[in-house]
Amino acid sequence: MSFFETQHLTKVFGGLTAVNDLSFQVNEGEIFGLIGPNGSGKTTVFNLITGFYPITSGEILYGDRIINGIPTWKICKLGIGRTFQVVKPLRRMTVLENVITSAYNRTSSYGEAEAKALDALNFCDLAKKKDYPAKELTIGDRKRLEIARALATGPDLLLLDETMAGLTPQEQAEGVVLIKKIRDSGVTIVIVEHIMQVIMNLCDRILCINHGEALTTGTPVEVANNKDVIEAYLGKE
């Protein structure tokens, strides 16, 4: 039994097939990368896994449980957390209050939610800004806040959607350290990222998709040297 997998996952919007017969497995404790050109269906896959979109056909398995058709909030309670490509914190609330709202996924007690939120902020090196209004954060700190909010839900599987986009090289390096720390804490990670230097340094295995279909899965070196992957990104000679 795999930790997480999709089987023949398909999503059709009207006449457009955004994800087509996509099957892959994620092992417990690994960092699994999902790459592909713009519009290849990566974020749609995340939206299907977390129940934002209903699937057209196929199955999504988390451990021994089929989770397609389960409401988004129940999927979060099962232990699947995520970040979003466009970060949208609750701007007029403080950094701490933003994370407390996520921590209520695991408790109905304000004291426990606050403690979980502080743990997440400490983990993400944001505790010193806990009383800042979220709207005052830099883009780098907003990305960390997004991760802290996801961690506060108590995930065993974390889906990270372009957490490095818009960051400086120094912030990207710090982000790599943080993501590895999350994995070392016992959380399995699936990451969508366009910055190849980041994805190649982070991942144990990578799946490349194009037009919603799998091109290849392998180690970073295997994927980077795959002819179909190179053509998908750069075109044919």
Out of everything in the range 200-237 that is over 17 Å from P37 (Cα atoms) and in a strand (DSSP E or B), what residue ends up being nearest to the chain's Cα centre (by Cα)?
R205
Considering residues that are surrounded by fewer than 17 Cβ atoms within 10 Å (Cβ to Cβ) and among the acidic types (D, E), the number found within the range 89-113 is 1
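Anything in the range 122-151 that is of a type in the set (V, I, T) and assigned to a loop (DSSP other than H, G, I, E, B)? List them, or say none. Write out each step before concluding.
Step one: of the range 122-151, the residues of a type in the set (V, I, T) are 138-139, 147.
Listed by number, the list holds a single entry, T138.
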Would a scan of the range 73-84 turn up a residue that is in contact with a helix residue (DSSP H, G or I) (Cβ under 8 Å, 6 or more places away or on another chain), modelled with pLDDT under 95 and over 21 Å from Q25 (Cβ atoms)?
yes
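Yes/no per residue for (1) farther than 19 Å from L126 by Cα; (2) assigned to a helix (DSSP H, G or I); (3) touching a Leu at 6+ places or on another chain (Cβ under 6 Å):
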{"site": "P54", "(1), (2), (3)": "yes, no, no"}
{"site": "G69", "(1), (2), (3)": "yes, no, no"}
{"site": "I75", "(1), (2), (3)": "yes, yes, no"}
{"site": "R92", "(1), (2), (3)": "no, no, no"}
{"site": "L96", "(1), (2), (3)": "no, yes, no"}
In the range 58-93, how many residues are touching a Ser or Thr at 6+ places or on another chain (Cβ under 7 Å) and either without any contact (Cβ under 8 Å) to a residue 24 or more places away in the chain or under 19 Å from V187 (Cβ atoms) (or both)?
8
Given the condition modelled with pLDDT under 95, touching a helix residue (DSSP H, G or I) at 6+ places or on another chain (Cβ under 8 Å) and small (G, A, S), answer yes or no: does some residue in the range 46-57 qualify?
no
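The values are calculated or read from the model by the stated rules, or taken from the named source; none is laboratory data. Values in this document were obtained by computation on a predicted structure and should not be read as measured data. Cβ atoms come from the backbone with ideal geometry, glycine included; neighbour counts cover every protein chain shown.
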